[in-house]
Amino acid sequence: MSFIEKNLSTNERILYKSKLHWIIYLRGLFLAVLGLLVGSASYAACGFLVFIGVLSLITAFIVDKSSEFAVTNKRVILKTGLLSRKFCEIQLNKSEGLQIEEGVLGRMFGYGKMRVSSGGVIEVFSPIAKPFEFKRQINNAIEGSFIAPSVSF
């Protein structure tokens, strides 16, 4: 059971979940492959680059698996970190702003930086997979929270 699922309130349900984009693995993969290619020229450089690449891949894996992003019927929950956590929770009725930045590569590969502001506090989460879909789901949840329940007699 995920951190978010463990911390849902009564009658709260997850409407949408997102995660970090796979691009976080690219640096480690690049360094490891570069180390293997350089291996014929220098064993020391090869070993160092492969070691740094594998270490970067492990770090990216831990960051990926310890990050959760969700929209519920009551709030937006964003959590990163394993040992030290960064946690942002915004009630749907208190949501002030959501800003998304996508560079050229972000548009090509479907990731971006998300800035969430509430009560004068700004939290940045990056690189989020499909950030505009996440924003759309937040907007849908906000609209859904304003729908008056039907009354039957």
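Checking E133, E143 one by one, the residue that is at pLDDT below 90 and of a type in the set (D, E) is E143 and no other.
From the list I100, I128, the lone residue that is under 14 Å from H21 (Cα atoms), out of contact with any Asp or Glu (no Cβ under 9 Å at 6 or more places or on another chain) and in a strand (DSSP E or B) is I128.
For the stretch 47-90, a residue qualifies if it is part of a helix (DSSP H, G or I), out of contact with any Phe, Trp or Tyr (no Cβ under 8 Å at 6 or more places or on another chain) and aromatic (F, W, Y), and the qualifying residues are F48, F51. For the stretch 134-142, check the following and say yes or no: at least one residue is more than 20 Å from F3 (Cα to Cα), surrounded by 17 or more Cβ atoms within 10 Å (Cβ to Cβ), of a type in the set (A, V, I, L, M, F, W, C) and in contact with a helix residue (DSSP H, G or I) (Cβ under 8 Å, 6 or more places away or on another chain). The answer is yes, given that some residue of the stretch 134-142 is more than 20 Å from F3 (Cα to Cα), surrounded by 17 or more Cβ atoms within 10 Å (Cβ to Cβ), of a type in the set (A, V, I, L, M, F, W, C) and in contact with a helix residue (DSSP H, G or I) (Cβ under 8 Å, 6 or more places away or on another chain).
The values are calculated or read from the model by the stated rules, or taken from the named source; none is laboratory data. What you see is a predicted model, and the numbers here were worked out from it, not measured in a lab. Reconstructed Cβ throughout: ideal geometry from the backbone, glycine too, with neighbour counts over all protein chains shown.
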